[in-house]
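What follows is a short report on a single structure.
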Amino acid sequence: MRAIRGRLLTFLLAPRGAGDAQSYRYIDDGIIVAKDGRIEAVGPADELTAQLPADMPVEHHAGALIMPGFIDPHIHFPQTQVIASYGAQLLEWLEKYTFVEEQKFADPAHSARNAEFFLDELARNGTTTAVAYCTAHPASAEALFAAAQKRNAGMIVGNSVMNRNGPPGLLAPAPTAIADSRDLIRRWHGSGRQRYAVTPRFAITSTDQQLAELGALLKEFPTVLMQTHLDENLNEIATIKRLFPNDPSYTAVYARFGLLGPRSLMGHCIHLEDAEVALLRDTQSVAVFCPTSNLFIGSGLFDYERLNAAGVRIALATDVGGGTSYSMLRTAAEAYKVMQLQSQNLPALAAFDLMTRRNSAALGLEGEIGAIAPGAFADLVVLDARATPAMAHRMEVARNLEEELFVLMTLGDDRAVRQTYIAGEPALEVRA
Ligand code: GUN
Ligand code: ZN
């Protein structure tokens, strides 16, 4: 058991706009009691302190803001050495950089070394759960699951299944790929905090037969998630039209194979026709907004208001290595700018709600993660809005919590993360 003290902030429902005080719970001096990885109690320090055993260690993060750990619902584990690759849009970027690096994950030692780096980097950025694409090699998912399990970190992992339009080193014929996925599901889905996501990389890299088998796999395991890419880039969409001439849209391809639904995370969703928006809404699929990636690969602007108004579920993610930062704070900053370019607003409250509660809901894990509440995992991030000289200087004139949050998301990055707790255990060495 341990007690963690500081300024506590957790979201209760989607903010209806800036200043919506009903949307969150804030305790100016609060304590979280963590026991066996979960939150046992939470409340004001002056009320809880009297009930705690005198010898219970209290970690006091004076002045810092303690929030539920960030959730990154779309990131590529094998792209830690693809991030920051110059000058190409999606299809060329995949061939020139991504497919090259991903082939190295056939090697279990390479996968294991990268898994430790990946999880360290997430923790340094305050991200406590991620939904990660691996490569087609079972060794890559295996390595990430094993490393996450050792840390008691809740990860959702899937091996990217491909059987065409990629280098031979990443392709697996349908029976092998499906057998590998099924084997990983049986071994890891529900083991400790680990979960599996069925992962067709995107419709370009799987034949009809493989997509059908992946749809069947999803049906066979009703609690497994699904992740893929959708309507990211115009050349990608033109290729889809060539490969699937009889389907009315890109989204309709996934629908035909049973790949849409409330557990389906659809990366990007930039260039959607109206009928596709309706399909996403009707199937309760999640549109995953990846702003740093969309800007970096030059894919386009995610139309948040259009999808939100249509009733499509939305999540916010980094998409490293198309994305340029592991930090959900940097990601929120770019989301804000992408929305500004379309005369839309992203209030700080809404951004932090997205990074925590709403992303947990997108994964079907509301109550388990993404909230500071009894029963939830004690996955926490401790944030310092005065972490850099520029932030401290700006904070001199910040008048309220919402302005502090906006400083954090606009100027903050890993330097603003003082500590990250995973299942109640500190994941970072304490900074001086
Ligand atoms: N579409 C298919 N694969 C990928 C990938 O690795 N990254 C991005 N951004 N889009 C994709
Ligand atoms: Zn992606």
Segment 101-122-segment 256-299 distance, computed between alpha-carbon centres (Å): 27 Å
With charges only on Cβ, +1 for K and R and -1 for D and E, what is the dipole size of segment 80-173 about its Cα centre, in debye, rounded to 20? 140 debye
Around Leu52: net Lys/Arg minus Asp/Glu count, Cβ-Cβ under 14 Å: -2
Find which of Ala212, Thr318, Gly375 sits farthest along the positive direction of the dipole of the chain, computed with +1 on the beta-carbon of Lys and Arg, -1 on that of Asp and Glu, about the Cα centre. Ala212
Intensity falloff of segment 1-79 expressed as log10 I(q)/I(0), Debye formula with alpha-carbon point scatterers, at q = 0.23 Å⁻¹: -1.08
Please report the Cα spread of segment 160-275 along all three principal axes, rounded to whole Å, starting with the longest. 40, 32, 20
Considering only Leu259, Ile185, Pro167, whose Cα is most displaced toward the positive end of the charge dipole of the chain, charges sitting on Cβ of Lys, Arg (+1) and Asp, Glu (-1)? Ile185
Using alpha-carbon coordinates, inclination of helix 234-243 to the longest axis of the chain, degrees: 40 degrees
Sketch the reach of a paramagnetic label on Arg399 as a point 7 Å from Cα along Cα-to-Cβ, and name the residues of segment 323-347 whose backbone nitrogen lies under 18 Å away. 347
Quick check: net charge around Leu122, other residues with Cβ under 12 Å of its Cβ, Lys/Arg +1 and Asp/Glu -1? -4
Can you compute the modelled spin-label distance between Arg113 and Asp208, with each label point 7 Å from Cα toward Cβ, in nm? 4.4 nm
Multiply the residue gap between Glu92 and Thr176 by 0.36 nm, knock off their C-alpha separation, and tell me the result in nm, one decimal place. 27.5 nm
Work out the charge dipole of the chain with +1 on the Cβ of Lys and Arg and -1 on the Cβ of Asp and Glu about the Cα centre, then indicate which of Pro347, Ala385, Gly364 is farthest towards its positive end. Gly364
If r is the Cβ-Cβ distance from Asp29 to Ser343 and R0 is 30 Å, what FRET efficiency results, to the nearest 0.05? 0.15
Scoring only Lys, Arg, Asp and Glu (+1, +1, -1, -1) among other residues with Cβ under 14 Å from the Cβ of Ser325 yields -2
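Students often check this: by mean Cβ neighbours within 10 Å, which of 334-342, 71-79 ranks highest, and how do the rest follow?
On the way: 334-342: 17.8, 71-79: 27.7.
Final packing ranking: 71-79, 334-342.
Could you order Glu236, Glu368, Glu40 by accessible surface area, starting with the largest, using a probe radius of 1.4 Å? Write down the numbers at each step before the final one.
On the way: Glu236 0, Glu368 60, Glu40 100 Å².
Descending order: Glu40, Glu368, Glu236.
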Which value, in debye to the nearest 20, gives the size of the charge dipole of the chain about its Cα centre, when Lys and Arg are +1 and Asp and Glu are -1 at the Cβ? 360 debye
Enter the Cα centre distance for the pair segment 300-373 and segment 388-422, rounded to the nearest angstrom. 18 Å
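Give the Rg/Rh ratio for the chain, taking Rg as the radius of gyration of the Cα atoms and Rh as the Kirkwood radius, to two decimals.
Details: Rg = 21.0 Å, Rh = 21.7 Å.
Expressed as Rg/Rh, it is 0.97.
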Take the alpha-carbon centre of segment 164-219, take the same for segment 125-139, and report the distance between them in whole Å. 15 Å
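So for segment 1-144, what percent of the C-alpha to C-alpha distances run longer than 20 Å? Walk me through the intermediate numbers first.
Values: 6470 of 10296 pairs.
Tail fraction, whole percent: 63.
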Taking the 0 to 90 degree range and rounding to the nearest ten, how far is the long axis of helix 274-283 tilted relative to the main principal axis of the chain, both from C-alpha atoms? 60 degrees
Counting alpha carbon pairs within less than 8 Å and at least 6 residues apart, what relative contact order, in whole percent, applies to the chain? 20 percent
Where does helix 174-188 land angle-wise versus the long Cα axis of the chain, in degrees 0 to 90, nearest 10? 20 degrees
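What per residue convex hull volume, in Å³, do the alpha-carbon atoms of segment 278-432 yield?
On the way: hull volume 21.1 nm³, N = 155.
Spelled out: Cα convex hull of segment 278-432, divided by residues, is 136 Å³.
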How much mean residue ellipticity at 222 nm does the chain get from its helices, if each DSSP H run of length 4 or more adds -39500 (n - 2.57) and you divide by all residues, to the nearest 500 deg cm²/dmol? -10000 deg cm²/dmol
What is the spin-label model distance, in nm, from Arg186 to Glu40 if the labels are put 7 Å beyond Cα along the C-beta direction? 3.9 nm
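Ignoring ligands, DNA and RNA, what accessible area per residue does the chain give at 1.4 Å, in Å²?
Numbers: 16080 Å² over 432 residues.
Averaged over the residues of the chain, the accessible area is 37 Å².
Give me the dipole magnitude in Debye, nearest 20, for segment 318-423 about the Cα centre, with unit charges on the beta carbon: positive for Lys and Arg, negative for Asp and Glu.
Numbers: 9 positive and 13 negative charges, 40 e Å.
Value, rounded to 20: 200 debye.
The values are calculated or read from the model by the stated rules, or taken from the named source; none is laboratory data. The model shown is predicted, which means the values in this text are computed figures rather than measured ones. When we count neighbours, we look across all protein chains shown, and the Cβ atoms used for this are built from the backbone with ideal geometry, even at glycine. To get the accessible areas, we keep the full protein, side chains included, count just its heavy atoms, and leave off ligands, DNA and RNA. Shrake-Rupley method; radii C 1.70, N 1.55, O 1.52, S 1.80 Å.
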